[in-house]
Amino acid sequence: MSRKTLTASLTGAALVTMAAVALVPGAAQAIPENSHCGTEAGNNNDAFVDHAQLTKALEQLERTSGGVVDVEVVGQSNQGRDIYSARVGEGDTVIYVQTQIHGNENHGTEALLNLLHQIGGSSQEARELRENVTIVGIPRLNVDGGENDTRQNAMSWDDVVAEFPQLAGVEPAWNYRASVPGFDVNRDFNPDLDYVPQPEDFPGNSADTGWYITPEAQTSRDVYRELEQEFGTVDYFVDLHNQWSCYKQAGTDNMSTLSISGRFIDDPTEFGDWPAFDYDASRRANVAVYDALQDQGSSAYGHLTLYPQDTNLPGTALGSFALRGSATVLFETSSQTQYDGSKRNGFLTKQVELGLKGLIDAVADGSIDSIDPEDYEEIPQRVYLPAD
Ligand SMILES: [Zn+2]
């Protein structure tokens with residue numbers, strides 16, 4: 001069939017399907033373990049908005065939505081960059097979404113910008129969503145790491161001691177990397193929002209709580225605290241990350257371009273009394289994301305997997321906020337700026353967008369309450385593949 005005849009014979013609906021497939025060449029095909037992934041030239045960071053562009057995009061979002069999307073400066077990084085929040089909707093249920101706590105993990109930021117644009121729009125669907133949920137996003141919490149293309153923020157141990165003199169002479173925090181210098185901000189959280197750093201709690205370790213010594217974690221905590229005061233509980237907390245590029249689904253030959261999880265705390269009683277901790281609410285939220293991505297036809301969007309479940313990470317934002325009663329969802333998009341080119345960016349960003357939108361929809365229409373949390377256990381496991 002000639003191209004002309006083919007096009008002429010397609011219905012409108014089929015054309016839409018074709019267009020969607022064309023955006024992700026080969027994505028629906030199974031990719032063998034010898035996948036040539038993780039070996040592309042890097043510098044993928046250039047494909048994403050930098051800080052100046054992010055600032056401009058948010059200003060524009062606020063302006064074009066007529067203030068429906070409300071943008072605020074909520075903190076400053078150690079290098080003096082503004083950290084923003086963007087809020088949309090007036091519903092009684094709040095979804096707090098944080099992106100790029102690791103500076104070299106960009107797809108979530110792009111996805112959140114797209115979603116804010118969509119939900120801040122004038123469609124009937126957008127208006128209904130805004131009546132039922134409030135969405136508060138921090139696009140790119142780690143603004144310095146984003147600009148420097150590092151996982152860590154930009155902060156030396158001396159900077160920390162200058163702010164917390166009681167820490168003079170103690171061994172630096174375990175999540176500090178002197179060569180950057182900076183901290184893995186996602187180990188700096190504590191379920192006690194009023195925690196003050198104590199010398200005896202350093203250097204700490206990954207199985208223990210963090211300290212709020214970084215301005216980024218302090219900013220996230222302050223936003224969280226205000227939402228908790230306003231809503232009683234921060235109903236949902238979503239943290240958008242990236243992981244190693246090369247995984248597949250257990251039991252299939254499908255490459256897995258996204259892993260999710262709701263499990264960050266092994267035993268909540270280990271960290272005090274946290275009666276609002278609700279693991280089933282987290283499991284339901286993850287199933288909502290999973291289901292939304294299964295609804296995308298035969299595309300590879302549906303090949304997501306469960307992030308390893310044998311974790312105990314109370315010092316992460318997800319772990320600390322889960323203890324306080326938030327239903328938590330981790331997104332780990334398979335791609336890193338240092339190992340990937342930009343070929344898959346459109347697909348990877350869209351996958352996060354669709355998954356997150358699925359959660360928002362399920363919360364807005366109440367269908368999340370009828371999800372069986374046990375369905376979470378049916379999500380395929382993640383299998384590591386080496387670069388080749
Ligand atoms: Zn990360």
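The set of residues from the range 211-245 being polar (S, T, N, Q), more than 18 Å from Arg140 (Cα to Cα) and either free of Cβ contacts under 8 Å to residues at least 24 places away in the same chain or in a helix (DSSP H, G or I) (or both) comprises just one member, Gln229.
Conditions tested, residue by residue: (1) surrounded by 23 or more Cβ atoms within 10 Å (Cβ to Cβ); (2) touching a strand residue (DSSP E or B) at 6+ places or on another chain (Cβ under 6 Å); (3) under 18 Å from Ala207 (Cα atoms).
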| site | (1), (2), (3) |
| --- | --- |
| Asp253 | no, no, no |
| Ser261 | yes, yes, yes |
| Trp274 | no, no, yes |
| Leu318 | yes, yes, yes |
| Phe321 | yes, yes, yes |
| Gly325 | no, no, no |
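Working carefully through the options Arg87, Arg63, find the one that is assigned to a strand (DSSP E or B) and modelled with pLDDT of 95 or more. Before you say what the answer is, go through the steps one by one.
Values: Arg63 fails: assigned to a strand (DSSP E or B).
On inspection, the qualifying residue turns out to be Arg87.
Ile260 meets all of the listed conditions (1) β-branched (Val, Ile, Thr); (2) within 30 Å of Gln166 (Cα to Cα); (3) in contact with an Asp or Glu (Cβ under 9 Å, 6 or more places away or on another chain) but one, namely (2). Among the residues of the range 119-136, write down those that are polar (S, T, N, Q) and either more than 18 Å from the chain's Cα centre (by Cα) or surrounded by 24 or more Cβ atoms within 10 Å (Cβ to Cβ) (or both). Answer for the range 119-136, where residues must be polar (S, T, N, Q) and either more than 18 Å from the chain's Cα centre (by Cα) or surrounded by 24 or more Cβ atoms within 10 Å (Cβ to Cβ) (or both): Ser122, Ser123, Gln124, Asn132. Note on the range 99-153: residues that are of a type in the set (Gly, Ala, Ser) and within 20 Å of Thr328 (Cα to Cα) amount to 3.
Flag not set for Leu61, criterion: away from the ligand (no atom under 16 Å from the Cβ) and either among the hydroxyl-bearing types (Ser, Thr, Tyr) or within 17 Å of Val238 (Cα to Cα) (or both). Screening the range 211-251 for residues that are aromatic (Phe, Trp, Tyr), crowded, with 24+ Cβ neighbours inside 10 Å and within 16 Å of the ligand (Cβ to nearest atom) and picking the one that is nearest to the chain's Cα centre (by Cα) gives Phe237.
Does the range 137-154 contain at least one residue that is surrounded by 24 or more Cβ atoms within 10 Å (Cβ to Cβ), modelled with pLDDT of 95 or more and part of a strand (DSSP E or B)? Yes.
Given the residues Leu385, Leu306, Leu348, Leu354, which is the only one that is in contact with a Cys (Cβ under 9 Å, 6 or more places away or on another chain) and either within 27 Å of Asn175 (Cβ to Cβ) or surrounded by fewer than 23 Cβ atoms within 10 Å (Cβ to Cβ) (or both)? Spell out how you get there, then give the answer.
Values: Leu306 fails: in contact with a Cys (Cβ under 9 Å, 6 or more places away or on another chain); Leu348 fails: in contact with a Cys (Cβ under 9 Å, 6 or more places away or on another chain); Leu354 fails: in contact with a Cys (Cβ under 9 Å, 6 or more places away or on another chain).
On inspection, the qualifying residue turns out to be Leu385.
Residue pairs whose Cβ atoms lie under 8 Å apart, separated by 6 or more positions or on different chains, with the first residue in the range 58-86 and under 18 Å from Tyr96 (Cβ atoms) and touching a residue at least 60 places away in the same chain (Cβ under 8 Å) and the second acidic (Asp, Glu) and surrounded by fewer than 20 Cβ atoms within 10 Å (Cβ to Cβ), are Val74/Asp222; Gly75/Asp82; Gly75/Asp222; Ser85/Glu72.
The values are calculated or read from the model by the stated rules, or taken from the named source; none is laboratory data. Source: prediction; values computed, not measured. Cβ atoms come from the backbone with ideal geometry, glycine included; neighbour counts cover every protein chain shown.
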